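I have a structure I would like to understand better, so I am pasting it below and will then ask my questions one at a time.
The values are calculated or read from the model by the stated rules, or taken from the named source; none is laboratory data. Remember, it's a predicted structure, so these values are computed and weren't measured experimentally. Here the Cβ is made from the backbone with ideal geometry for all residues, glycine too, and neighbour counts use every protein chain on show.
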Amino acid sequence: MTFVQVIDCKTSKSDELNRLMDAWIEATQGRRTATHSIVGRDRADATHVVEIVEFPSYEEAQKNSHLPETDRIFREMVALCDGEPSFTDLDVVRDEQLNKITVRGFFDDVINARNIDAMDAMCTAGYRDHDPSLSSYDIGLAQAKIENRQIVEAFEPEATIESLTAEGDLVCARLSFRGRHVGAYQGLEPTGRQVSGTGHATFRCEGGLLAEGWWNFDDLGLMQQLGAVES
């Protein structure tokens, strides 16, 4: 679970504090576990500074705190502050940006890179897939991997995310795709034809993982391009 630490302090030496943070980044290059850091200054009080640091997990944050440079920088930071800084430790229970990154990774790794097994790390164990073009509208992770593999092997598709919108635990992707019919698909032998189309996918996320997916593509248009249905 992603972990965030909020450091709240008062200082009249914000420029020196910034230089100290730069020194910490340089000193811990290649060894620090922090993945993202934001420093903000209170508009109503220029001496009020807040730093927000993100880690992959609490355990990774602990590794970071045990670096000798971290301890040294902390002592120097305290010396620059008007009093002892406060620390708030947060387990991230919802992160819409993280969910969008996971969805984008699904299309990059599973579809475009054709690594179906990457779904194991991206999806919950109880993942459910809903797609009217599959064998059933409600299938689990294992069956979803089988049928996604068949589609990828049949068309070697390349998906492009045209837009990505997140709200709460849901992420909606508007997609376009192109590929070539090189393998059997729903009883149709390979035609070698180029195909393209559009679609939408909506995912429900839990703890940064995909828990459920709903898919809608232009299946009629695809069948017309394959010559299986008259235009």
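How many residues does the range 92-114 contain that are more than 18 Å from F203 (Cα to Cα) and at pLDDT below 90?
The qualifying residues number 1.
Also, quick follow-up: For the subset of the range 149-162 comprising residues that are touching a residue at least 40 places away in the same chain (Cβ under 8 Å) and in a helix (DSSP H, G or I), which member is surrounded by the most Cβ atoms within 10 Å (Cβ to Cβ)?
That would be F155.
Further, regarding this structure: In this structure, does S163 turn out to be hydroxyl-bearing (S, T, Y) and at pLDDT 95 or above?
For S163, the condition - hydroxyl-bearing (S, T, Y) and at pLDDT 95 or above - is met.
Let me ask something else. Looking only at residues in the range 198-227 that are in contact with a helix residue (DSSP H, G or I) (Cβ under 6 Å, 6 or more places away or on another chain) and in a strand (DSSP E or B), which one is nearest to F177 (Cα to Cα)? First the steps, then the outcome.
Initially, the range 198-227 is screened for residues in contact with a helix residue (DSSP H, G or I) (Cβ under 6 Å, 6 or more places away or on another chain), giving 203, 205, 208, 210.
Narrowing the set further to residues that are in a strand (DSSP E or B) leaves 203, 205, 210.
Numbers: F203: 18, C205: 23, L210: 21 Å.
That would be F203.
Filter the range 202-220 down to the residues that are free of Cβ contacts under 8 Å to residues at least 40 places away in the same chain, surrounded by 14 or more Cβ atoms within 10 Å (Cβ to Cβ) and of a type outside the set (D, E) and list them by number.
Result: T202, R204.
Criterion first (in contact with a strand residue (DSSP E or B) (Cβ under 7 Å, 6 or more places away or on another chain), at negative phi and part of a helix (DSSP H, G or I)) does K145 satisfy it?
So K145 does not fit the description; no.
A further question follows. Just to be sure before I move on: is D131 farther than 30 Å from I161 by Cβ and either among the β-branched types (V, I, T) or in contact with a strand residue (DSSP E or B) (Cβ under 7 Å, 6 or more places away or on another chain) (or both) in the structure I sent?
Judged against the criteria, D131 is not a match.
If I filter the range 175-197 down to residues being in a strand (DSSP E or B) and surrounded by fewer than 14 Cβ atoms within 10 Å (Cβ to Cβ), which single residue comes out as farthest from the chain's Cα centre (by Cα)? Steps first, please.
Residues of the range 175-197 in a strand (DSSP E or B): 175-180, 185, 188, 194-197.
Narrowing further to those that are surrounded by fewer than 14 Cβ atoms within 10 Å (Cβ to Cβ): 176, 194.
Working: S176: 20, Q194: 30 Å.
Checking each candidate, the answer is Q194.
Which of the numbered conditions does T165 fail, given that it passes all the others? Conditions: (1) touching a strand residue (DSSP E or B) at 6+ places or on another chain (Cβ under 7 Å); (2) surrounded by 15 or more Cβ atoms within 10 Å (Cβ to Cβ); (3) closer than 15 Å to E96 by Cα.
Among (1) touching a strand residue (DSSP E or B) at 6+ places or on another chain (Cβ under 7 Å); (2) surrounded by 15 or more Cβ atoms within 10 Å (Cβ to Cβ); (3) closer than 15 Å to E96 by Cα, the lone unmet condition for T165 is (2).
Of all residues in the range 56-77 being among the small types (G, A, S) and surrounded by fewer than 16 Cβ atoms within 10 Å (Cβ to Cβ), which is farthest from I7 (Cα to Cα)?
Ranking the candidates gives S57 first.
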